[in-house]
1. Determine which member of the set Thr283, Thr321, Thr277 is surrounded by 17 or more Cβ atoms within 10 Å (Cβ to Cβ) and assigned to a helix (DSSP H, G or I).
2. Conditions first: (1) over 22 Å from Asp101 (Cα atoms); (2) in contact with a Ser or Thr (Cβ under 7 Å, 6 or more places away or on another chain). Ala209 passes all but one, so which condition is the exception?
3. Among the residues of region 207-227, is any touching a strand residue (DSSP E or B) at 6+ places or on another chain (Cβ under 7 Å), closer than 24 Å to Gly257 by Cα and among the hydroxyl-bearing types (Ser, Thr, Tyr)?
4. Take the conditions within 19 Å of Arg132 (Cα to Cα), touching a residue at least 24 places away in the same chain (Cβ under 8 Å) and buried (at least 18 other Cβ atoms within 10 Å of the Cβ) and apply them to Ile30. Does it pass?
5. Under 9 Å between Cβ atoms, which residue pairs at least 6 apart in sequence (or on different chains) link something in region 234-260 that is touching a residue at least 40 places away in the same chain (Cβ under 8 Å) and of a type in the set (Ser, Thr, Tyr) with a partner that is assigned to a strand (DSSP E or B) and crowded, with 17+ Cβ neighbours inside 10 Å?
6. Can you tell me which residue in region 227-267 is surrounded by the fewest Cβ atoms within 10 Å (Cβ to Cβ), limited to those that are acidic (Asp, Glu) and assigned to a strand (DSSP E or B)?
7. Looking at this structure, is Arg199 surrounded by 22 or more Cβ atoms within 10 Å (Cβ to Cβ) and over 21 Å from Ala94 (Cβ atoms)?
8. Where in region 1-119 are the strands (runs of 3 or more DSSP E), entirely inside, with at least 1 residues that are modelled with pLDDT under 95 and closer than 30 Å to Pro212 by Cβ?
Amino acid sequence: MSRTTDRRGGRSDAPRVVVVDDSPFMRGLIGDLLTDAGVAVVGEAGDGAEALSVVAETRPDVVTMDVEMPGMGGIEAVGRLMAETPTPVLMLSAHTAEGADVTFEALERGAVDFFAKPGGEVSTGVSREADRLVEAVRSVADADLEAATRDRRPRSAPTTGSASDVDLAEPLTAVVGASTGGPKAVERVLSALPMTDCRVLVVQHMPEAFTPRFAERLDSASAYDVREATDGDRIGAGEALVAPGGSHMRVGSYRAGRLRVKLVDEDAVGGDAPSVTPSVDVTMRSAAETVSDPLVGVILTGMGDDGSVGIRAMAEAGARTVAQSEDTCVVYGMPKRAVGTGAVDSVCDLDDVAGAILGGAA
């Protein structure tokens, strides 16, 4: 039976949420955390099939969807939901490599973002991350669902040595930052980036159990050799590194087209501590200070203001700067803040970002 509730307890403009989890304990805990923060919980469901009924009845702004459930699980439910009652979905998954695999599949089916539950499927650890959960729910409520579900399949990856290769006059380094909606956006950009004398650094807000799998997906989708960064890692032309969750990625040195990164924790950053780890600002600022050849900074979809300081530092160092357009962003937060600095050279649709990285040479 569908379960609707009236635990609104917030402002009239509060997001209306349906909580889906097979554990009554977790439904109650998540519902209480959201209600205490002023979010309106208007329904609950114990599996995917029940969720479809509750969502159709309550028409919420957001659905928090557990991944692993008996009967119809979260992945199938997301696909059905997008077909029957399109609604922004925040996936709640285990903080594990296995959780990462199924979460990426859910994102492919139309989920907007995910929240990695600390401590496993059923745990009070979520309480320690209440602020992050509430922020994620509010962000997903503001997401552009059309942008999130548009063109779900990435472009085919260009192959090395194909006609799509591009000759550049000088070595190029690109730093790409993203958050909410970023996994699919970054994959689309890298899959469209022709093989050339370019090295790429990717900073995606994502927990440490998820970034190795994200790097593998990017490696499969693009012509570039993509891997998760390790401390002291070096890359050259046609290679890319993904900042690992839980660490900041700095450019440690650059010489003759070879770039070396250093991984540092939050305490080692100094100055104003970033609000997220990994931080786009940290990587971009270090690239601006270190890379002597042409440099480009890119801010893609995401919530918050991470990247705005870094993009300004890159512009001041003479780098080209690019931001994704509002029309193609899932959440126009990070690009908006970057554009607001006055340091962005070009604003373009997602499918034009790869060309913008290469300065129109693509």
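The values are calculated or read from the model by the stated rules, or taken from the named source; none is laboratory data. Keep in mind that what you see is a predicted model, and the values were worked out from it rather than measured. All Cβ positions, glycine included, derive from the backbone under ideal geometry; neighbour counts span all protein chains shown.
1. On the way: Thr321 fails: assigned to a helix (DSSP H, G or I); Thr277 fails: assigned to a helix (DSSP H, G or I).
Just one listed residue meets the conditions, Thr283.
2. Condition (1) is where Ala209 drops out.
3. Looking for residues that are touching a strand residue (DSSP E or B) at 6+ places or on another chain (Cβ under 7 Å), closer than 24 Å to Gly257 by Cα and among the hydroxyl-bearing types (Ser, Thr, Tyr), one finds at least one in region 207-227, hence yes.
4. On the way: within 19 Å of Arg132 (Cα to Cα): yes; touching a residue at least 24 places away in the same chain (Cβ under 8 Å): yes; buried (at least 18 other Cβ atoms within 10 Å of the Cβ): yes.
Judged against the criteria, Ile30 is a match.
5. Between residues of region 234-260 that are touching a residue at least 40 places away in the same chain (Cβ under 8 Å) and of a type in the set (Ser, Thr, Tyr) and residues that are assigned to a strand (DSSP E or B) and crowded, with 17+ Cβ neighbours inside 10 Å, the close pairs are Tyr254/Thr173.
6. Taking region 227-267 and keeping what is acidic (Asp, Glu), we get 228, 231, 233, 239, 265-267.
Keeping just the survivors that are assigned to a strand (DSSP E or B) gives 228, 239.
Numbers: Glu228: 21, Glu239: 17.
Among them, the one singled out is Glu239.
7. Details: surrounded by 22 or more Cβ atoms within 10 Å (Cβ to Cβ): yes; over 21 Å from Ala94 (Cβ atoms): yes.
Answer is yes for this residue.
8. Details: elements: 3-7, 16-20, 40-45, 62-66, 89-94, 113-117.
Hits in region 1-119: 62-66, 89-94, 113-117.
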